[in-house]
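The values are calculated or read from the model by the stated rules, or taken from the named source; none is laboratory data. Since the model is a prediction, treat every value here as computed from it, not as a measurement. Ideal geometry is used to build each Cβ from the backbone, glycine not excepted, and the neighbour counts take in all protein chains shown.
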């Protein structure tokens, strides 16, 4: 199987200003380097707001989804992020993976009660694993990271782990960034998978500070090199090697002992 090249765009999101975030994303994506998949932070065009009454969109009339479709076509790559979606009088922090003409949705399963997310949003109930270029991607959002039981990497009927990459998009605050780093590495090690995580920088409308630390993590737990810098806007990318992943799983067949 071919390698998978993933990029993340780490930036300071404008608060509840959708078109300004659209413009910023385009201004930062000046690098013509090709990648298979691009990650944007959680609630990419609003910031992590609880103002779903004014910020929510419907799936079939969504500024955010339309923008992502256009961007995916322009950049010739898949895109994963999240945004606020209203459905049947309920609001969801909904992950959106756009690949060519296919759209896959994932609703965040763990709402962040410390920030009141559980009072405004409905939690999802289903794990979502989607295929891209032969790789199986597990879609996750921010606070989901604290709950390893959500994403146990079991073997399927072909005796192969059900997913190869965990994707996290987040607004994870600076004051708990050490938790972010260590938990991401733990998820890679315990599930023998790559982990790619995109976080924002700057301050949001509630005065909460973020310092990025978007990461690419090898299945052995080591952090892969990228161009990303702490507290700096920019694009980082890494090549994920299926040969290295498969070799590690065969050499250390821990998942079979589950």
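Can you report the number of residues in the stretch 216-251 which are closer than 30 Å to residue 159 by Cβ and either in contact (Cβ under 8 Å) with a residue 60 or more places away in the chain or not in a loop (DSSP other than H, G, I, E, B) (or both)?
Step one: filter the stretch 216-251 for residues closer than 30 Å to residue 159 by Cβ, giving 216-224, 238-251.
If we keep only those that are either in contact (Cβ under 8 Å) with a residue 60 or more places away in the chain or not in a loop (DSSP other than H, G, I, E, B) (or both) as well, we get 216-217, 223, 238-251.
Of the residues in the stretch 216-251, 17 are closer than 30 Å to residue 159 by Cβ and either in contact (Cβ under 8 Å) with a residue 60 or more places away in the chain or not in a loop (DSSP other than H, G, I, E, B) (or both).
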(request) Take the residues in the stretch 1-16 that are part of a loop (DSSP other than H, G, I, E, B) and either out of contact with any helix residue (DSSP H, G or I) (no Cβ under 7 Å at 6 or more places or on another chain) or free of Cβ contacts under 8 Å to residues at least 40 places away in the same chain (or both), then tell me which one is surrounded by the fewest Cβ atoms within 10 Å (Cβ to Cβ). (result) 2
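In this structure, is residue 105 surrounded by fewer than 20 Cβ atoms within 10 Å (Cβ to Cβ), modelled with pLDDT of 95 or more, under 17 Å from the mean Cα position of the chain (by Cα) and within 16 Å of residue 122 (Cα to Cα)?
On the way: surrounded by fewer than 20 Cβ atoms within 10 Å (Cβ to Cβ): yes; modelled with pLDDT of 95 or more: yes; under 17 Å from the mean Cα position of the chain (by Cα): yes; within 16 Å of residue 122 (Cα to Cα): yes.
Judged against the criteria, residue 105 is a match.
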(request) Could you figure out which of (1) within 18 Å of residue 223 (Cβ to Cβ); (2) free of Cβ contacts under 8 Å to residues at least 60 places away in the same chain isn't true of residue 167? (result) (2)
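Condition check ((1) surrounded by fewer than 24 Cβ atoms within 10 Å (Cβ to Cβ); (2) modelled with pLDDT of 95 or more; (3) under 18 Å from residue 254 (Cα atoms)) across all residues:
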| site | (1), (2), (3) |
| --- | --- |
| 139 | no, yes, no |
| 146 | yes, yes, no |
| 152 | yes, yes, yes |
| 183 | yes, yes, no |
| 186 | yes, yes, yes |
| 192 | yes, yes, yes |
| 196 | no, yes, no |
| 206 | yes, yes, no |
(request) Quick one: residue 164 ticks every box in (1) farther than 25 Å from residue 43 by Cα; (2) surrounded by 24 or more Cβ atoms within 10 Å (Cβ to Cβ) except a single one, so which number is it? (result) (1)
(request) Those residues that are surrounded by 19 or more Cβ atoms within 10 Å (Cβ to Cβ), more than 30 Å from residue 207 (Cα to Cα) and touching a residue at least 40 places away in the same chain (Cβ under 8 Å), I need them from the stretch 64-98; list them, please. (result) 77, 78
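For the stretch 164-203, which strands (runs of 3 or more DSSP E) that fit wholly inside it have 2 or more residues that are within 28 Å of residue 258 (Cα to Cα) and under 16 Å from the mean Cα position of the chain (by Cα)? Spell out the reasoning first.
Values: elements: 165-169, 194-198, 201-203.
Because the criterion is at least 2 residues that are within 28 Å of residue 258 (Cα to Cα) and under 16 Å from the mean Cα position of the chain (by Cα), the strands (runs of 3 or more DSSP E) in the stretch 164-203 that meet it are 165-169, 194-198.
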